Every structure is written in structure tokens, then in C-alpha cells.
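Only the coordinates and a few stated rules stand behind these numbers; no lab work does. Just so it is clear, the model here is predicted, and its values are computed rather than measured. Don't worry about glycine lacking a Cβ; one is built from the backbone with ideal geometry, like all the others, and counts go over all protein chains shown.
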Amino acid sequence: MQSIFITRQFFIVCFIYAGTLFFASLSASNTIGSTLFAIVATIAQTALFTFPLYLLQRLTLNSRWSTTTKHILAITLTVIFFVSILLLAVNYKLNSMYGFFINGFVMNLISTPGGLEAMGASPSFYYSATTLVLTALIFYGLLIRYVPFEKLSPFIPGRPVLAALIMAAFLAQGSMYAVADFTSNTSILSVSNRIVWQIPITVKGLLTSFGLKQTRTLSLGETPSGAFKYPDKSTLDVQVNRPLNVVWLVAESWRADMLNPRVMPATNQFAKNNIQFTEHRSSGNGTRMGIFGQFYGLYGRYWFDALHARQSPLILDILQHNGYQMMAYTSARFAYPEFDKTVFSQFKNSELQEYYEGQGWQRDRKNVTDLLAYVDSVKDPFFAFMFFESAHAKYHFPKESIIEKDYIEDFDYLTTDIVKNIQLIKNRYINSARHLDQQLARVFAGLKATGKLENTIVIVTGDHGEEFLEKGHWGHNSTFSDEQIRVPLIIHTPQNLPRTISKITSHLDLPATLLSLLQVNIKPEVYSFGQNLLSADYSRKYLVVSDWHGDAVITPSVKYILSSTAASNGEQLTDGQDRLITEDSLSAGDRGVFTQYVKSLASFY
């Protein structure tokens, strides 16, 4: 009986895996070739995923175990079988929402304190998750009890035949993918993107040696490495010759088009009265890289080096060295991402305030109140930073911030149909942006009331944007669409006349701009990839935007997508409107830009 119990479960897991992989990959198929690839990939990947379970099954059914040991092993194997099915379901739910499967970024999110909270996990999420797990467990139990899957055993080929079939499927999958990758066959590559944890096999060098020409060759080759050579302030002239105060305000998920008179009237007016940058891009499509770039002026790939070295940004080191009073507030946590080990690693505990009780808008109100009290009492010169959570998913807001009345009331990640309700979800976001505007207005008014606006630099921006399926994705951290990377930037400086700057600009330019305003005599190239945004000869040929897995190189007309995660969406090369293009359509200038970027990669190694 126990043998039937274990064998039945193994067949259940195999069928669930195969069915899920096949229908998920088939949904992306649009040609006979891609359908064939879906079939062989399903066979190969199901065999790969279930082989360890098969070995555990054989171990459990070994006749040498005692009855008690067999019972314990059977229960343990049942748990493993069920958890493997849950893991598959979680992967595809994650993929449907964000476009990627569980990877290093997701594991960092789960393992770092505050990570799940930063993604908007709430009591309703945990309630739904618990309910779904219990429902799945009941369904699994019913399958075990009533569906005799083990009766399919006679129809399964013998081991030699089955092994040959699986090996043929592996060879077919690998060769089809390799050729598709070489020829940029998007129909097969799109199917491949729906196969969880597929291990890609490429043979570019071999096929090129046969005289074949690759369709696209956007490859970095080896990633530069070596010792991280970030400058030490002790080796530089770090005297602040114009000690203005600095107030640095960053809003979570604040996309550029929210800065308009209807949604954010106060902030829009503040922009008109100061310096507004209308073609500004973040340094990342997620918080980690978006914050890192604006404080260090470096590409996102250097984040890992800075984290390992516990390296703080030069601009904050210089302010501390020159006697600035320092204070940072966040409505999230400094530990996720690990800003307590990077950006603010040199701050004392008393100089860091993280408040994460209640919803994002409630946290922002509390922190703004404390920020204004600090500004009112602190002696000049001072630096104050605040990170706002109002516009972060699930986009909470109070009643007085409602300007879009038709919005989804309960936005539960696990149960909400994102596609069907996307406009209602976006309306929630718009209402949350209105609340953000109300809190920013409090800061602007408070600075003005204390008279400190006259000798303070104010920087107002977002860490990244937020997409609502305009380019096929919801949220951020999935690709480099303009909706995910284009953010507002407003800079207030004493005595500078209001103006609008429409050149393409980057978060990487903020350190150079700030040090120039403070009259610190260090050339930007010594510590960053940035330039002074307010210089008369400011000009950028390209921007670099990063995620956990790589970069995108962006010109006014082209985006080179070099992140493995974003490129897996089939968006390796697009135009400025995120439409796919071919390498043949690139201008000589855009080709030259890519070459310049590659040469710059090792600048701080």
C-alpha cells in the first residue's frame, strides 16, 4: 500500500510539472517550430526537475528500511513532493506579475529583513497565501486519495527507451535553443522565457567558426573584474567652499508623468519655480540601483563591490568631513536594500530613522513631521535625506487624497487579475501620488517658513518608475521601458533662475552636480560616470541604467538591453519607444556609443 502511495504521488508531481510547463510555454508559441520546442523542452525540463524526486522515491521504497523508517521517509517525501509543486506555482505566479522566475534577486529579497515588506506584502497577502496553500493541500490530498495515477505505469516505456527519449529531448531542446539564440529567432526564445529555470546552451563560437554570421552580436564578453578602486576622501581636496544645506527627497516608484498639475499640483508648481529636468532617467529600474546611482554616480554593477567593501559614497563622506549635521529618514527600512551597509554606512544610529508602522502614506506623514522638526532645530550646514513610500505598491492613500474614485478596493497580489484590473490599479497609484504631492508640499512649505530655503539645495526625484502594462509589464524591476526608468527631477538652488532642461539626463549626474554647487574642486571622472547637470556644456551621448543582472545602454534613439533578465523578455535591442529593432538599423553613432560603454566598464576596477 505504501508503495502505491509513493508511486501515485510521483506520477502526480510529474503530470503537474509537465502540464504546467507545456501550457505555459505553449501560450508563447506562434509557429510550428516554437510549438515543437515547447514539446521537447517540456519533456526535458520535467525530467530534469523530477529526477531528484525519482531518486528519493527509490530510496524511500528500498526494502531494507524498517517499517517505522519507511513511514517517516514516506511522510518526508510527501512534504517534498508538495513543496516542489508549490515552488512551481510560485515561480509562475511571480513570472506572470514581474516577468522573471525566482533568481538571485528574489532570494536576496526574501532573505533580507524588510524585503517582503518593500514589495508590499501585507496581512491580506499572508491571508491569501495561507488560504491558497491550504486549498492546494486539500486538492493534493484528494488526488492522492482518489486518482489512481499509478495505473499508468504499464503505459510508460521501459527504462532504456525512456532514457533515450529524454536524452533526445535534451539534445533537441539544446540545439534548437542554441540556433534560435544565434539567429535571434524570437518565436523560440519567447517560448524559452516561459520555461522555468531553463539552462541556456549557446554555441556562438562554434557556429561562427563554420563561417556563419550571427544575426545580433550585442555581447559584453567577459565582465571586468579586479579590486574596486573607489577614491578615498583623504587623497582628495574635499573642502566645501560654499557650505549650503542639502535636502534630498526620493519617492518610491515615482514615474515622470505623475508630475502634472492635476495629480501633483504643489510639486508641479515647485518644479516651475526651480530647475526641472523633463527627460531624466533613473540609474536603475529598482530601488537598489536607483538609489545607488544617484549617490555614487556609478553603474549598478559596482553595487556589489560597494556592498562587499562597505563603501560609503564620496559625496556624503565629504559632507561629514566638512562638519555637516547628517540625518536620514525612510518610510521603509535601511536594511533592504542594504543601504545601511552602503549609502549610509558611515551614519551613526542616531542619524538614521526608519519608520515602518502602518501603511506607506502614514509612515510618510510621521517622517515628514520629524524631518521638519529637525530642519527647524538643526544648525547649518546640514544634510537631510528622506525616502517616501506613498506611491509604492499596493498604493495606499487616505480619503482626502482620492482624485480617481474608480479604483480597486482590495489589491491582493495573489488573487487580483492584474490584466483585467490594470486601470483600476493605476487609479490607486494616481491617488497615492496625490498623497505624495501633499507630503512634498509640507516639506517645501516648511523650508520656506524657516527661511532655510534661501541657503539650501533641494533635490527631488524618484528611485525608479512604475509600469502599468504599457509595454507588457506591471510594476518595476523587470525591464527598461521608459515607464520603469523615467522619473521626475527637480533641483532648487539659491539664486538660480527657474528653467526647464530637456536634454537626456541621468541619476549618475547628481553627485557631480551637488559637488559643483558646493564648490568642491574635484573632477567628476575621478569618482563617477557623471557630469554637472547645470554646466553650460553638459551633454550626454548615452545613459546607463542597471538592474540586478546587468545594464541597459540608452541613447536618444536606441536601447541596448544587456541585462540577462530584461533581455530574456526578447527586448535585447529597441528604439527610444521600446519597439524592437534589428542591429542592421543602428547608426554609426549608436554603434560607437556601445563601444564607449564597453571601454568604460573597468574604470573603477
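Brief remarks on what is shown
- GLN519-SER557 pseudo-label distance in nm [points 7 Å out on the Cα-to-Cβ vector]: 4.3
- Gain on full extension, evaluated as 0.36 nm per residue between LEU469 and SER66 minus their Cα-Cα distance, stands at 139.4 nm.
- Projecting the Cα atoms of LEU152, ASN268, TYR126 onto the dipole axis of the chain, where Lys and Arg carry +1 and Asp and Glu carry -1 at the beta carbon, places LEU152 farthest toward the positive end.
- Distance between the pseudo-spin-label points of ILE39 and VAL133 (7 Å out from Cα toward the beta carbon): 3.9 nm.
- Kirkwood hydrodynamic radius computed over the chain comes to 26.5 Å, based on all pairs of distinct alpha carbons.
- Highest to lowest packing among 4-15, 417-428, scored as the average C-beta count within 10 Å: 4-15, 417-428
- Diffusion coefficient, µm² s⁻¹, Stokes-Einstein with Kirkwood Rh over alpha-carbon pairs of the stretch 497-605 at 25 °C and 0.890 mPa s: 160
- Antiparallel bridges, percent of DSSP beta bridges restricted to the chain (to nearest 5): 45
- Each residue in LYS599, LYS366 was given a count of other beta-carbon atoms within 10 angstrom of its own, and listing them fewest first yields LYS599, LYS366.
- FRET E, pair VAL526, VAL179, Förster distance 51 Å, beta-carbon r, rounded to 0.05: 0.65
- Here the label points at ASN260 and ASP410, each 7 Å from Cα along the C-beta direction, are separated by 3.2 nm in the simple model.
- Of PHE277, PHE139, the sequence from fewest to most neighbouring Cβ atoms within 10 angstrom is PHE139, PHE277.
- D_trans [Stokes-Einstein, Kirkwood Rh over alpha-carbon pairs] for the stretch 233-578, 4 °C, 1.567 mPa s, µm² s⁻¹: 64
- Fewest-first sequence of ASP181, ASP376 by Cβ atoms within 10 Å of each Cβ: ASP376, ASP181
- Under the membrane-span-like helix rule (DSSP H runs whose alpha carbons stretch at least 20 Å along the helix axis, mean Kyte-Doolittle hydropathy 1.0 or higher), the chain yields 2-26, 32-60, 67-98, 123-146, 159-183.
- Calculated FRET efficiency for the pair SER564/ARG591, C-beta based, R₀ 22 Å, to 0.05: 0.50
- The length gained on full extension between ILE402 and ASP376, counted as 0.36 nm times the residue separation minus their Cα-Cα distance, comes to 6.3 nm.
- Maximal additional length on extending the TRP197-ALA335 stretch stands at 46.8 nm, based on 0.36 nm per residue less the C-alpha distance.
- Structure-based [θ]222 nm, the chain - -39500 (n - 2.57) summed over DSSP H runs of at least 4, per residue, nearest 500: -14500 deg cm²/dmol
- Computed P(r) (all Cα pairs; the stretch 320-411; 10 Å bins; percent): 15, 41, 28, 13, 4, 0
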